[in-house]
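Every read-out reported here was derived from the displayed coordinates using simple, explicitly stated rules and does not represent laboratory data. Please read these numbers as outputs of a predicted model, since none were measured by experiment. Ideal geometry is used to build each Cβ from the backbone, glycine not excepted, and the neighbour counts take in all protein chains shown.
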Amino acid sequence: MLRCAPLGRVAPLTAVALSLALTAVLRPDTAAAQGVRNFPADALRGEIVITAPPEIVLNRQPARLAPGARIRGMDNMLVLSGAAAGQRLRVHYTRDLQGQLLKVWVLTAAEEARKPWPETLQEAAAWRFDADAQRWSKP
């Protein structure tokens with residue numbers, strides 16, 4: 001009865017996994033450099049402070065994260081709401097049908113520099129969005 005894998009088969013797989021892990025650690029900008037994040041047309045810009053998850057402050061007004069809300073950091077990796085508690089973050093966000101924040105993207109400096117970007121539903125309804133260029137234009 002063989003209970004362990006022979007060492008000859010495990011070592012090459014371990015070496016490959018280790019090299020991939022080291023590449024990700026040494027070059028964390030690789031994923032971000034591969035492309036621009038595309039935001040949906042219903043994404044609004046705002047500022048959030050996560051107080052006591054799921055409770056947040058959105059644009060100085062109390063709000064709430066939806067069940068299953070996803071917060072993506074500047075590197076597009078998921079961020080736990082508890083880990084971001086107390087931080088003031090410039091974000092793009094979408095809401096669910098109940099008005100709770102469903103998807104949140106923490107903005108990089110380059111993304112924040114893209115202006116104009118609507119902060120209210122009224123602005124989004126009046127402006128025009130070019131999804132390919134990820135740009136809004138005022139009428």
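Kindly work out what percent of the DSSP beta bridges joining two residues of segment 44-137 are antiparallel, to the nearest 5. Don't skip to the answer; put the middle values down first.
Details: 23 of 28 bridges.
Roughly 80 percent of the DSSP beta bridges within segment 44-137 come out antiparallel.
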**Request:** Stick to Cα atoms and the Kirkwood definition of Rh, then tell me Rg/Rh for segment 44-137.
**Result:** 0.96
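Working out 0.36 nm times the residue gap between Gln87 and Thr108, then minus their Cα-Cα distance, what length gain in nm do you get to one decimal? Could the numbers behind the result be given before it?
Values: separation 21, 0.36 × 21 = 7.56 nm, distance 1.49 nm.
Taking 0.36 nm per residue and subtracting the Cα distance, the gain is 6.1 nm.
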**Message:** Can you compute the FRET efficiency between Asn38 and Arg3 using 1/(1 + (r/R0)^6), with r the Cβ-Cβ distance and R0 = 41 Å? Round to the nearest 0.05.
**Reply:** 0.25
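With a cut-off of at most 13 other beta carbons within 10 Å, and DSSP calling the residue loop, which GluC sites (Glu not before Pro) in segment 48-131 qualify? Please list them.
Details: sites: Glu55, Glu111, Glu112, Glu119, Glu123; in loops: Glu119.
Hits after loop and neighbour filter: Glu119.
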**Asked** If you put +1 on each Lys and Arg Cβ and -1 on each Asp and Glu Cβ, how big is the dipole of segment 44-137 around its Cα centre, in Debye rounded to 20?
**Response** 60
**Prompt:** What residues of segment 93-126 lie in the reach of a label at Met74, counting those whose backbone N is under 18 Å from a point 7 Å from the Cα along Cα→Cβ?
**Reply:** 93, 104-115
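Which trypsin sites (Lys or Arg not before Pro) in segment 41-88 pass both tests, a DSSP loop state and at most 11 other beta-carbon atoms within 10 Å? Mind dumping the intermediate values first?
On the way: sites: Arg45, Arg60, Arg64, Arg70, Arg72, Arg88; in loops: Arg60.
In loop regions of segment 41-88 (DSSP not H, G, I, E or B), the sparsely surrounded trypsin sites (Lys or Arg not before Pro) are Arg60.
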**Complete:** Nearest-0.05 FRET efficiency for Asn59 and Arg128 at R0 = 22 Å, using Cβ-Cβ distance, is 0.45
